[in-house]
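**Q** Handing you this structure, nothing more for now.
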Amino acid sequence: MPLLCLSPLQVPSSAVAWSSFSFSKGVEKLPSSKLLSVGVGALVTSNTQGISTGTLIADEKIGVLLLNLGGPETLEDVQPFLFNLFADPDIIRLPRLFRFLQKPLAQFISVVRAPKSKEGYASIGGGSPLRQITNDQAEELRKSLWAKNVPAKVYVGMRYWHPFTEEAIEQIKRDGITKLVVLPLYPQFSISTSGSSLRLLESIFRDDEYLVNMQHTVIPSWYQREGYIKAMANLIEKELRKFDRPEKVIIFFSAHGVPLAYVEEAGDPYKAEMEECVDLIIEELEKRKIDNAYTLAYQSRVGPVEWLKPYTDETIVELGRKGVKSLLAVPISFVSEHIETLEEIDVEYKELALESGIENWGRVPALGCEPMFISDLADAVIESLPYVGAMAVSNLEARQSLVPLGSVEELLATYDSQRRELPPPVTVWEWGWTKSAETWNGRAAMLAVLVLLLLEVTTGEGFLHQWGVLPLFR
Ligand SMILES: C=CC1=C(C)c2cc3[nH]c(cc4nc(cc5[nH]c(cc1n2)c(C)c5CCC(=O)O)C(CCC(=O)O)=C4C)c(C)c3C=C
Ligand SMILES: [Fe+2]
C-alpha cells in the first residue's frame, strides 16, 4: 500500500470514478528510505466542503498540470505548429520501417497544408485563441482550488505550441512541486490527444531524477463528472431557449473525429467515451423535461483515410433533406473556443446547413471559464489527491474506473506493442485516376526530389553537380 495514499475506505466515493495512473517510475520504485520519510508526519486534511483532500504533508507543494494541444498565435506560427503536430507519431503513425521519414513527411505535409490552415486562422483574427483561454482557465482553477482550501499552483503544458509541456515541467521543478496532478483538458480520452501528451510526459519523467521522485497522478478523462455534464446541459438549455420553438430543435453534438483505425485497430476508447458522454448529457436534459431529438457526428477530418462516422457535413445535408428546420450545434470534444468552433462550425457548417434547407441555426459556446465547470475541475483535482503517488495496478477501486479500457499505461502499452501497423491518417494510397492519386503522385515526386537534393548536397555528387548548378559558390 503506497504510504502517501488514503486507504480506499477513507477515499470519498466520487473519487473512485478516476483511473489513477502513475508513470513507469512511481512510488513502488522509490528507495525505501524515501517511503519512510514521507510517511512520517502525514496528516489527513479536509477542505471547506468536507471533501477529504487526502494525506498531505505540511510542507507539500501541490501542482496541477493542465495539458492541452496548443495553437499558432500568429500566421507565421502556422507551418511550424503543423510540423510539430504531424511529427507526432500519435498523429501520423508510420510503420516501423519508415519511421525515419516521420520528420521529412511532417515538414512536407505542414508546408502543403499551411496555406489552407492559414486562411482559417486568418478568418478568426490571425491566430488561435487557445493559449489565452487555457491561461484563463488555469487562473480560474487556481482561484477555485484556493477557495476550497487547497493551495495549489496551476501550470499549462501544450503539446504542439507554446508554452510547451517541457517549459511547464521546468517551471514545476523550479517551484519545487512535490505532488502533481496531471489533468488533460480533453473531457474524453483519445490516443491522439491526451494519450500523446501523456506519452510525452512519460518520456520527460523517465529521464529526470527530480520527476522520478515526485508524487503524481493523472486524471485521464472526466466526461462522466456530474459538474461537467450539468454545465454542458445548462449551456444547451440556455441556447435552446433562443429558438422560437425550442422543442422542435435537433440537438446536434459535433465531436472532433479521429481516423477509424484508432478505434477499431488501436483500441482508442474515444468513440465509446464520446457516446457515453452524449448519453449522460441527454439524461440530464431529460431530468429537466427537455427531450429534444439529438444526434452525434464527427467533424474536422484530415487526409484521405476513413475517419469516425457519421461525418458532420454529411449528417447536416441528410437532416436538411429529411426536412429538419432547426439545429443546435454542440461542440463536445473540447472545452475552449478554437478554429474548429469559430470557423468550421460557425462559418462552414452554418452555411452548409442553410443551403441544405435548415432555417434556424444555433451553436452552444465552449465551456471556457464557466464557474460550474471550473469548480468541478477543482473538485476533480481534490478528489484525485489521495491517489497521488498510488499505482493504479495496486488500487482496486481505481481500476474499477469509468475509463473503459483500464489504465492509460496499459492502453498505450497495448497500442504500442501489438498494433504498430496502424494506418497513418494521411498516407493512404487509392488506386486509379483519383484526386488522392494525383495528390499523392505529386507529393511522392516532391519527396523524391527532396531526397535527391539531400543526397546531392551531402555526397557532392548528382545531376545538379553534373549540370554545373551545384555547388553555387566555387
Ligand atoms: C478532442 C479533440 C481533438 C482530436 C481527437 C484531434 C485529433 C486529430 N487532429 C488532427 C489534425 C489537426 N488538428 C488541428 C487542430 C486542432 N485539433 C484539435 C483537437 C483535436 N484533434 C483542436 C482543438 C485544434 C485547434 C487548435 C487551435 O488552433 O485552436 C489541426 C490544425 C488546424 C487545421 O489545419 O485544420 C490539424 C491538422 C489529426 C490528424 C487528429 C487525429 C489523428
Ligand atoms: Fe485536431
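Conditions tested, residue by residue: (1) over 26 Å from the mean Cα position of the chain (by Cα); (2) over 18 Å from Val181 (Cβ atoms); (3) modelled with pLDDT of 50 or more; (4) among the acidic types (Asp, Glu).
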position: Phe21; (1), (2), (3), (4): no, no, no, no
position: Gln49; (1), (2), (3), (4): yes, no, yes, no
position: Leu75; (1), (2), (3), (4): no, yes, yes, no
position: Gln79; (1), (2), (3), (4): no, yes, yes, no
position: Pro95; (1), (2), (3), (4): no, yes, yes, no
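**Q** Can you tell me how many residues within the stretch 282-309 are within 16 Å of ligand 1 (Cβ to nearest atom) and of a type outside the set (S, T, N, Q)?
**A** Number of matching residues: 12.
**Q** Right, Glu351: over 26 Å from Pro220 (Cβ atoms) and either at pLDDT below 95 or buried (at least 19 other Cβ atoms within 10 Å of the Cβ) (or both) or not?
**A** no
**Q** Looking only at the stretch 136-154, count how many residues are open to solvent by 20 Å² or more (accessible area, probe 1.4 Å) and either of a type outside the set (Gly, Ala, Ser) or modelled with pLDDT under 95 (or both).
**A** 10
**Q** Step by step: first the residues of the stretch 168-186, then only those that are under 18 Å from the mean Cα position of the chain (by Cα) and assigned to a loop (DSSP other than H, G, I, E, B), then the one that is farthest from ligand 2 (Cβ to nearest atom). Which residue is that?
**A** Leu185
**Q** Limited to the stretch 187-219, what total is found for residues that are within 16 Å of ligand 1 (Cβ to nearest atom) and either at pLDDT below 90 or open to solvent by 10 Å² or more (accessible area, probe 1.4 Å) (or both)?
**A** Here the count works out to 4.
**Q** Here's a check for you: in the stretch 332-363, which residue that is within 23 Å of Arg245 (Cα to Cα) and within 16 Å of ligand 1 (Cβ to nearest atom) is nearest to the chain's Cα centre (by Cα)?
**A** Once the filter is applied, the top-ranked residue is Ile345.
**Q** Out of all the residues in the stretch 137-152, is one or more assigned to a strand (DSSP E or B) and under 18 Å from Thr217 (Cβ atoms)?
**A** Yes, the stretch 137-152 has at least one match.
**Q** Consider the stretch 320-339. How many of its residues are open to solvent by 40 Å² or more (accessible area, probe 1.4 Å) and assigned to a helix (DSSP H, G or I)?
**A** So the count comes out to 1.
The values are calculated or read from the model by the stated rules, or taken from the named source; none is laboratory data. Because the structure is a prediction, the values reported are computed rather than measured. Glycine gets a Cβ as well: all are built from the backbone with ideal geometry, and neighbour counts include every protein chain shown. Ligands, DNA and RNA are stripped out before the accessible areas are found, and what is left, the full protein with its side chains, is counted by its heavy atoms. Shrake-Rupley method; radii C 1.70, N 1.55, O 1.52, S 1.80 Å.
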